[in-house]
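A quick write-up on the structure given underneath.
Where a number appears in this text, it was derived from the coordinates with a stated rule and is not lab data. On a predicted model such as this, the values are computed, not experimentally measured, just so you know. Cβ atoms come from the backbone with ideal geometry, glycine included; neighbour counts cover every protein chain shown.
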Amino acid sequence: MPDRTLMPAKRCQPDFRMRARILVVDSHPVTRYGIARLIDKEPDLAVCSESGNVPGALAAIKTLKPQLVLTDLNIPGGDALEFIKDVQTHYPEVTLLVVTMHDEIFYAERALRAGARGYIMKDEPCEEVIEAIRHVLRGKIYISKKMSGKVLDIFSGRHRREDDTTTGNLTDREFEVFGLIGHGMTTSEIAKRLGLSPKTVETHRIHIREKLHLDSGAALIQYAVRWSATRALI
């Protein structure tokens, strides 16, 4: 399986400059490979690079100037939502499309508010993913059919955001830490995953406990695990 991280040589292919350049960001090499093969079959699309982490993705964007970044929400080396915000701040001409397994409306809302132009599930048909890519490259917003009604209700004000008295009060970084706690990760593991110091993660844990009105670290873990398990069933 080839490693495409920072592969400028591909840009020399005769038809490459006529195709939309896409950076694939996902922590799983097999997933990146499958998405890249899917994209490269299209005459108007081409993968210019791949990355399995946030620093590598930012380096690829700076070097190769892709038109579209296709990213998962579970990527090491930083917070995916902060990554989306950073790209929008420093490379506003780059379009972002989230392709993930998170089937919870709160993730879609946060991703779109961070600056992503689309949000689609990994279990959608291949042709749906290609449609989403072309859709956002044309400057439009794309949301998979089963998510669109919920998201439109939230942005139109017809449906209030996900429980504002609980996780809705968390910042994007706190929400990321909260989600990782719910998946059983320790402070040191979360720090390594997000590229933070353990002390910073502990500070986030304290703020999360305060906002969720939890009186101990054990209560936070139980709440986060229960919350994550509930969302996994949706």
Subject >> Gain in span if fully extended, residue 82 to residue 130, counting 0.36 nm per residue against the direct Cα distance >> reply: 14.8 nm
Original post:
What dipole magnitude, in Debye to the nearest 20, does the range 32-138 give about its Cα centre under +1 on Lys/Arg Cβ and -1 on Asp/Glu Cβ?
Top reply: 380 debye
**OP:** Between beta-carbons, use under 15 Å as the cut-off and find the net charge around residue 84, counting Lys and Arg +1, Asp and Glu -1.
**Re:** -4
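Length gain on complete extension for the stretch residue 122 to residue 219, per 0.36 nm per residue less the alpha carbon to alpha carbon distance?
31.7 nm
Let's test the formula: R0 of 45 Å, r as the Cβ-Cβ distance of residue 67 and residue 206. What FRET efficiency results, to the nearest 0.05?
Approximately 0.65, to the nearest 0.05.
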**OP:** Would you kindly derive the ³J(HN,Hα) couplings of the range 48-57 from the backbone phi angles with the Karplus curve 6.51 cos²θ - 1.76 cosθ + 1.60 (θ = phi - 60°), listing them in order in whole Hz, with x for Gly and Pro?
**Re:** 8, 6, 9, 8, x, 7, 5, x, x, 5
Original post:
Which of the residue pairs 62/211; 140/211; 85/122; 41/85 have a Cα-Cα distance greater than 27 Å in the structure shown?
Top reply: 62/211; 140/211; 41/85
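Figure the gain on full extension for residue 18 and residue 141 (residue separation times 0.36 nm, minus the Cα-Cα span) and round it to one decimal in nm.
That works out to 42.0 nm of additional length.
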Subject >> Label-to-label distance, nm, for residues given as residue 91 and residue 59 (7 Å Cα→Cβ offset) >> reply: 1.4 nm
**OP:** Using Cα pairs closer than 8 Å and at least 6 residues apart in sequence, work out the relative contact order for the range 44-148, in percent.
**Re:** 22 percent
Original post:
Each residue of the range 211-217 in turn: what ³J(HN,Hα) in whole Hz from Karplus with 6.51, -1.76, 1.60 and θ = phi - 60°, glycine and Pro shown as x?
Top reply: 5, 9, 6, 10, 9, 7, x
**OP:** For the range 167-232, count the residues as N, evaluate 2.2 N^0.38 Å, and divide the Cα radius of gyration by that value, please.
**Re:** 0.99
